[in-house]
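Below is one structure, written out as structure tokens; the observations come after it.
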Amino acid sequence: MARQFKPVRFFVLMGAAAFIVCGVTAFYTHRAAHGRTAAERAAYIIGEKVGGQAPAGAELPTAAGLNMMAQNYFKRQGSGEQQSWDLAFENGYTGGFRKTHHRQ
């Protein structure tokens, strides 16, 4: 004998499944915002710390200045692909700088 279709149960289960899928997607999207690999996330964190320690009257360096800074840090403690590391460091530096220097 065939079971009877229960629309309320169906929509509740579909809503719960959609909620779980959206939660998992948001978690992984937020996690990847600072880099996809461990080396990129480490570069972002290092850049954020360095950017946060900038002097009070300092201005955000140019893109070339950030790139040189990232290459210097990569030579000292970086690992992985340098271009990805540099980009993550630059994003971290900019983020850390903007957190501590709100008006610039």
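No value in this document is a laboratory result; all are computed from the given coordinates. Please read all numbers here as calculations on a predicted model, not as lab measurements. Backbone-built Cβ (ideal geometry, glycine too); neighbour counts: all protein chains shown.
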List the trypsin sites (Lys or Arg not before Pro) within segment 1-84 that fall in a DSSP loop (any state other than H, G, I, E or B) and whose Cβ has at most 16 other Cβ atoms within 10 Å.
-> Arg3, Arg36
Helix 82-100 sits off the longest principal axis of the Cα atoms of the chain, rounded to the nearest 10 on a 0 to 90 degree scale, by 90
Helix axis angle, 7-31 relative to the chain longest principal axis, alpha carbon, degrees = 10
Taking N as the number of residues in the chain, the ratio of its alpha carbon radius of gyration to 2.2 N^0.38 Å works out to 1.70
Sum of -39500 (n - 2.57) over DSSP H runs of 4+, divided by residues of the chain (222 nm, nearest 500) = -24000 deg cm²/dmol
Computed over segment 18-86: relative contact order in percent, which uses C-alpha pairs under 8 Å that are six or more apart | 32
With at most 14 neighbouring Cβ atoms within 10 Å, loop GluC sites (Glu not before Pro) (DSSP) excluded, longest segment of the chain | 1-58
When we measure straight from the Cα of Lys75, which lysines land under 27 angstrom away, once same-chain ones fewer than 8 places off are left out?
-> Lys49, Lys99
By how many degrees, between 0 and 90 and to the nearest 10, does the Cα long axis of helix 38-52 differ from the longest principal axis of the chain?
-> 50
Which chymotrypsin sites (Phe, Trp or Tyr not before Pro) from segment 1-43 combine a DSSP loop assignment with at most 16 other Cβ atoms within 10 Å?
-> Phe5
